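**Q** The structure that follows is given in the form of structure tokens.
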Amino acid sequence: MKENSPFTPGNPAPVELFVGRVKQIEEILKYVRQTASGRQENVFLAGERGIGKSSLAAFLRHLVDRENFLAIHVFVGGVTDLEELVRRIFEQILKETNKQTWFDEISGFFGKYVKQVDLFGISVSFNPPQEDLKGLVRNFPEALKNIMEKIKNEKKGLFIVLDDINGISETPEFANWYKSFVDDVATHYTDFPAFIMPIGIPEIRDVLSEHQPSLMRIFRVVDIDKLSDKEVNEFFEKTFGKVNIEVESEAMEVMTRFSSGLPIFMHEIGDAVFWSDDDGIISEDDASSGIIDAAERIGKKYLDPKIYRAIRSEQYRSILRRLGERPINRFKKGEIESKLNEKEKKVFNNFLRKMRELGIIVSDIEGGRGSYKFVNELYPVYIGMESQNFRKRTITKNKTIEA
Ligand SMILES: Nc1ncnc2c1ncn2[C@@H]1O[C@H](COP(=O)(O)OP(=O)(O)OP(=O)(O)O)[C@@H](O)[C@H]1O
Ligand SMILES: [Mg+2]
């Protein structure tokens, strides 16, 4: 009987299984160290959904903690007002210091609104009335400064991650508040060792600029993108190694190729392959059958809502099935077009545009004019599966009718 899978599709990567991001880590640590000398720094961490922003932040928190900063990772997805944002920041500071001997010094500052909640283990909560929260929003620099003063014998500074500001960035208040915070700090404090890192998808930069044109100037933007094949390889080695499973090199090659550099894919593939193996050695067959399972899971999560449920047009669907007839990850427009009927041909250009808009295919520059490729290696596997299933269903249906 197998033990639990070491893969964590959907959850930030545990520190010991984290790979890559070397350049970004170096860059960010440089700014963090700069903060220790009293200069307030702001980094905007940008990346597509699921590319690994929270995982990187968690890993950085771990490193920065060892460099003796008070490091907090605040999840603010879903937060839409500044009062709640600020409440969560201070509550997280409390939680982090709760484990320390100097907690009492800090908690005094938060006054009578700190509750020790023992219901589900030892924890603290911070719930002041709305009026006081408004005050904290207004006097945010001063409040942070007071905390830093209290901890300055123990800690070099503060490291604050604001994870997922996608929601709150939609309000003009956030951009203006942040800009005032930075200006206020720059004009009133010579020593303000606080590093702040908001996280969001790349489009958020434009949203913030619209609300407050000068805001993006104060951020150092750090982008994260796909992992390299070498890093994906390292991830599989580490993770299978952790549970003493050996991976044959052909298996490693296919798992890496189909992961397409996407962290989510490598976790889904790793997990599916883990469960398809039964002798502690991953062979190419184990890998292939795992990839089929992973393609199904990923297709259901990402492609079904995007295309199969969103596209109602019967023509589009039948073109998609044509695309899936052979397992290909790139194609020429003309080749596919020659297999289409008149009705399908008419909408083929629109179909291609739609698929591009949905982020499923892109133009294939290397292939020349009229060439396209799927954005990753796994999507065509699922599209192929759907096409096969459809054929099977039609055959069974016809047989039933004949009978
Ligand atoms: N560097 C990494 N090493 C190993 N696994 C990673 C790495 N980065 C991300 N992952 C894995 O990829 C998946 C997505 O990562 P994560 O949640 O950090 O992405 P995100 O960009 O924060 O996503 P979202 O936009 O949904 O918040 C998780 O399963 C996580 O464990
Ligand atoms: Mg995240």
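The values are calculated or read from the model by the stated rules, or taken from the named source; none is laboratory data. None of the values given here were measured: they were computed from a predicted structure. Note: ideal-geometry Cβ built from the backbone for every residue, glycine included; neighbour counts use all protein chains shown. To get the accessible areas, we keep the full protein, side chains included, count just its heavy atoms, and leave off ligands, DNA and RNA. Shrake-Rupley method; radii C 1.70, N 1.55, O 1.52, S 1.80 Å.
**Q** Given Lys99/Lys230; Lys23/Lys95; Lys152/Lys242; Lys30/Lys53; Lys30/Lys230, which pairs have Cα atoms separated by over 28 Å? Mind showing how you got there, number by number?
**A** Numbers: Lys99/Lys230 38 Å; Lys23/Lys95 31 Å; Lys152/Lys242 39 Å; Lys30/Lys53 18 Å; Lys30/Lys230 25 Å.
Violating the 28 Å limit, Cα to Cα: Lys99/Lys230; Lys23/Lys95; Lys152/Lys242.
**Q** Give me the extension gain from Ile292 to Glu84: residue separation times 0.36 nm, minus the current Cα-Cα distance, reported in nm with one decimal.
**A** Details: separation 208, 0.36 × 208 = 74.88 nm, distance 4.34 nm.
My answer for the length gained is 70.5 nm.
**Q** Please give the calculated 222 nm ellipticity per residue for the chain, where each DSSP H segment of at least 4 residues contributes -39500 (n - 2.57) and the sum is spread over every residue; nearest 500 deg cm²/dmol?
**A** -16500 deg cm²/dmol, from helical runs alone.
**Q** Among Met385, Val375, Val347, flag the residue with its Cα farthest along the positive direction of the charge dipole of segment 330-397, charges on Cβ as +1 for Lys/Arg and -1 for Asp/Glu.
**A** After comparing all options, I get Val347.
**Q** What percentage of the solvent-accessible surface of segment 311-401, computed with a 1.4 Å probe over protein heavy atoms, is contributed by carbon and sulfur atoms? The partial results should precede the final answer.
**A** Working: 2790 of 5580 Å².
For segment 311-401, the apolar C and S fraction of the accessible surface comes to 50 percent.
**Q** Would you mind working out the accessible area per residue for segment 21-223, using a 1.4 Å probe, and quoting it in Å²? Write out the running numbers ahead of the final one.
**A** Values: 9300 Å² over 203 residues.
Averaged over the residues of segment 21-223, the accessible area is 46 Å².
**Q** Additional query: Along Cα→Cβ, 7 Å out, is where each label goes; now give me the distance between the ones at Ser125 and Asp285 in nm to one decimal.
**A** According to this spin-label approximation, the distance is 5.5 nm.
**Q** Choose one of Gly47, Val32, Tyr178: the residue whose Cα lies farthest towards the positive end of the charge dipole of segment 21-223 (beta-carbon charges +1 Lys, Arg; -1 Asp, Glu; about the Cα centre).
**A** Result: Val32.
**Q** Another question, if that's okay. Could you order Trp177, Trp275 by accessible surface area, starting with the largest, using a probe radius of 1.4 Å?
**A** Working: Trp177 30, Trp275 125 Å².
So the residues, ranked largest to smallest area, are Trp275, Trp177.
**Q** Remind me, what semi-axes does segment 311-401 give for its equivalent ellipsoid, largest first in whole Å, using sqrt of 5 times each Cα gyration tensor eigenvalue? Let's see the in-between values first.
**A** Details: eigenvalues 114, 45, 27 Å².
Listed largest to smallest, the semi-axes of segment 311-401 are 24, 15, 12 Å.
**Q** In addition: Need the full-extension length gain, Arg217 to Ala36, defined as separation in residues times 0.36 nm minus the C-alpha distance. One decimal, nm.
**A** On the way: separation 181, 0.36 × 181 = 65.16 nm, distance 2.16 nm.
That pair, Arg217 and Ala36, stretches by 63.0 nm at full extension.
**Q** Here's a follow-up. Accessible area per residue for segment 229-307 in Å², computed with a 1.4 Å probe and the full protein assembly in place, what is it?
**A** Working: 3470 Å² over 79 residues.
With all protein chains present, segment 229-307 gives 44 Å² per residue.
**Q** Charges only on Cβ, +1 for Lys and Arg, -1 for Asp and Glu: so what's the dipole of the chain about the Cα centre, in debye to the nearest 20?
**A** Values: 59 positive and 64 negative charges, 319 e Å.
In total the dipole reaches around 1520 debye.
**Q** Working from the pairwise distances between different alpha carbons, so that the mean of 1/r is found and then inverted, what is segment 1-67's Kirkwood radius in Å?
**A** Details: mean 1/r = 0.0734 Å⁻¹.
It is 13.6 Å.
**Q** While we're here: Once both labels are modelled 7 Å past Cα along the beta-carbon direction, what's the Ile328-Lys230 spacing in nm?
**A** Those two pseudo-labels are separated by 3.4 nm.
**Q** Give the residue from Ser276, Val222, Gly241 lying farthest towards the positive end of the charge dipole for segment 138-284; charges sit on Cβ (+1 for Lys and Arg, -1 for Asp and Glu) and the dipole is referred to the Cα centre.
**A** Val222
**Q** Go from 0 up to the bin containing the longest alpha carbon distance in the chain, width 10 Å each, and give me the % of pairs per bin.
**A** Result, from short to long distances: 4, 18, 24, 21, 17, 10, 4, 1, 0 percent.
**Q** Report, to the nearest whole %, how much of the accessible area of segment 21-223 belongs to carbon and sulfur atoms, 1.4 Å probe, protein only. Walk me through the intermediate numbers first.
**A** On the way: 4470 of 9300 Å².
Looking at segment 21-223 in its full context, I get 48 percent from C and S.
**Q** Here's a follow-up. Simple spin-label model, 7 Å along Cα-to-Cβ: Leu29 to Arg257 in nm?
**A** Distance between label points: 3.5 nm.
**Q** Sort out for me the Cα centre separation of segment 2-43 from segment 182-235, rounded to whole Å.
**A** When both Cα centres are located, 14 Å separates them.
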